1. At R0 = 45 Å, how high is the FRET efficiency between Gln55 and Asp124 if r is their beta carbon distance? Nearest 0.05 is fine.
2. How large is the Kirkwood hydrodynamic radius of segment 21-73, counting all unique pairs of alpha carbons, in Å?
3. Once label points are set 7 Å from the Cα along Cα→Cβ at both Asn5 and Asn223, what is their separation, rounded to one decimal in nm?
4. Using the basic label-point model (7 angstrom from Cα toward the beta carbon), what is the Lys181 to Gln230 distance in nanometres?
5. May I ask you to give the average projected area over all directions of the convex hull of the Cα atoms of segment 79-150, in nm² rounded to one decimal?
6. What's the extension gain from Leu81 to Ala161 if we count 0.36 nm per residue and subtract their Cα-Cα distance?
7. Which three semi-axes in whole Å describe the equivalent ellipsoid of the chain, each the square root of 5 times a Cα gyration tensor eigenvalue, listed largest first?
8. Can you list the residues of segment 42-60 with backbone N under 13 Å from a point 7 Å past the Cα of Asp17, pointing along Cα to Cβ?
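Readers should treat all values here as calculations from the given coordinates under stated rules, not as data from a laboratory. Just so it is clear, the structure is predicted and the values come from calculations on it, not from any experiment. Cβ: placed from backbone, ideal geometry, glycine included. Neighbour counts: every protein chain shown.
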Amino acid sequence: MSLVNISTNKLTIGYADKVVQSNLTFEVQTGEVIALLGPNGSGKTTLLRTLAGLQPALSGVVTPALDAHNMALVLTERLSLENTSIHDVVAMGRYPYTSFLGGLTEEDERIIHQSLEAVGLVADSAYRFFNALSDGDKQRVLIAKALAQQTNLILLDEPTAHLDLPNRIRIFGLLKELAHKEHKMVIISTHELDLALATCDRVLLFGASGSWIGKVDELKAVNAFEQAFQMDIFKWFRPRS
């Protein structure tokens, strides 16, 4: 299923006994990367889980409703997959489309191969074991798995959490390239302020007093970062130009 864009209308997220963020109304367009930024506990992961349908919204709507056929989710948990090849991990992205027997067609194999190439993993590496990879390569495999679902929307929760600086830069560059060249919608929850501001097209910023969405300069103009983080972050931090 191909999406032109997704939108939320007066979305309230949280739990039965706690509202985390309310009145979220925004649209994500094809070909853009949106960074979710804000302090711990401000709702970044909760929003991703709500968009993905892993937990219900308290109120409001997401249009269209999302499932494994129109979005792919990459979570931050480290996976330990014994005796599982790179190919088999990426093949999991095709499961929403396979028959009840779970067999892969030639078209599925072509998509798996294409997804591996897109993240810079060549075909002859596909049968290496996932657990033998570095953390950076594991994350690229998980992004390839998301690509294999062939959805327009990719949601990522802290995709660089366990990576060193070179791999963090590569992952952000890869996601920007996928959005701009492959016309994907990418939403990234991250604490990588420097990389997010340098890479992403817009920012959805969460704080204790509310939320803001826009380009970096637009949010700076209304002191949104200072309100969200309760400090003048740009006194200490200068993002890349």
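1. Numbers: r = 40 Å, r/R0 = 0.89.
For R0 = 45 Å, the calculated efficiency reads 0.65.
2. Numbers: mean 1/r = 0.0811 Å⁻¹.
For segment 21-73, inverting the mean 1/r across all distinct Cα pairs yields 12.3 Å.
3. Going by the 7 Å Cα→Cβ label model, 3.0 nm.
4. The two pseudo-label positions are separated by 4.3 nm.
5. Values: hull surface 18.1 nm².
Averaged projected area of segment 79-150's Cα convex hull equals 4.5 nm².
6. Details: separation 80, 0.36 × 80 = 28.80 nm, distance 1.89 nm.
Once the chain is fully extended between Leu81 and Ala161, it gains 26.9 nm.
7. Details: eigenvalues 192, 87, 49 Å².
Whole-Å semi-axes of the equivalent ellipsoid: 31, 21, 16.
8. Within reach of a label on Asp17: no residues.
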